[in-house]
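The values are calculated or read from the model by the stated rules, or taken from the named source; none is laboratory data. It should be emphasised that the depicted structure is a prediction, and the values quoted were computed from it without experimental measurement. When we count neighbours, we look across all protein chains shown, and the Cβ atoms used for this are built from the backbone with ideal geometry, even at glycine. Heavy atoms of the whole protein, side chains included, go into the accessibility calculation; ligands, DNA and RNA do not. Shrake-Rupley method; radii C 1.70, N 1.55, O 1.52, S 1.80 Å.
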Amino acid sequence: MLTIVTYDISDNASRSYLIKKLQYFGLKRLQKSVFIGYLETEDRMDLANEVETYLSSDKDSIVIFPVCRNCRESILIQGDAVIPQNDVTYRFI
């Protein structure tokens, strides 16, 4: 399922580790603090279980939005942003 992850993390090291984790899961940067890509339910739950470790203060936040197929078709884009069209992801270990 298409998944959007947005974050606001104050600590540079924690933010860098989160970015690497999101990339490990095959997500691509959409904007500075927004990643997008396709995740299976199990992968999305694995990611959700890990994100708390990247929060470095009470004001930090990470939000994971699963986007259903019908809702994906309703996304409006202005500018240079690109929404991935297929749900094939590869993860190399």
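Among (1) surrounded by 10 or more Cβ atoms within 10 Å (Cβ to Cβ); (2) assigned to a loop (DSSP other than H, G, I, E, B), there is one condition E50 misses while meeting the rest; what is its number?
Unmet for E50, out of (1) surrounded by 10 or more Cβ atoms within 10 Å (Cβ to Cβ); (2) assigned to a loop (DSSP other than H, G, I, E, B): (2).
Say whether the condition of being under 17 Å from M1 (Cβ atoms) and open to solvent by 60 Å² or more (accessible area, probe 1.4 Å) is met by at least one residue in region 17-26.
no
Restricting attention to region 27-47, and to residues there that are open to solvent by less than 60 Å² (accessible area, probe 1.4 Å) and of a type in the set (S, T, Y), which single residue is nearest to V82 (Cα to Cα)?
Y38
Among D8, D60, which is the only one that is in contact with an Asp or Glu (Cβ under 8 Å, 6 or more places away or on another chain) and open to solvent by 40 Å² or more (accessible area, probe 1.4 Å)?
Only one candidate passes the filter, namely D8.
Hey, can you tell me all the residues within region 2-23 that are under 29 Å from C68 (Cβ atoms) and part of a helix (DSSP H, G or I)?
R15, L18, I19, K20, K21, L22, Q23 - these are the residues of region 2-23 that are under 29 Å from C68 (Cβ atoms) and part of a helix (DSSP H, G or I).
Consider only pairs whose beta carbons are under 6 Å apart and that are at least six residues apart or on different chains; among these, list those whose first residue lies in region 55-78 and is part of a helix (DSSP H, G or I) and whose second residue is open to solvent by less than 70 Å² (accessible area, probe 1.4 Å).
R72/L2
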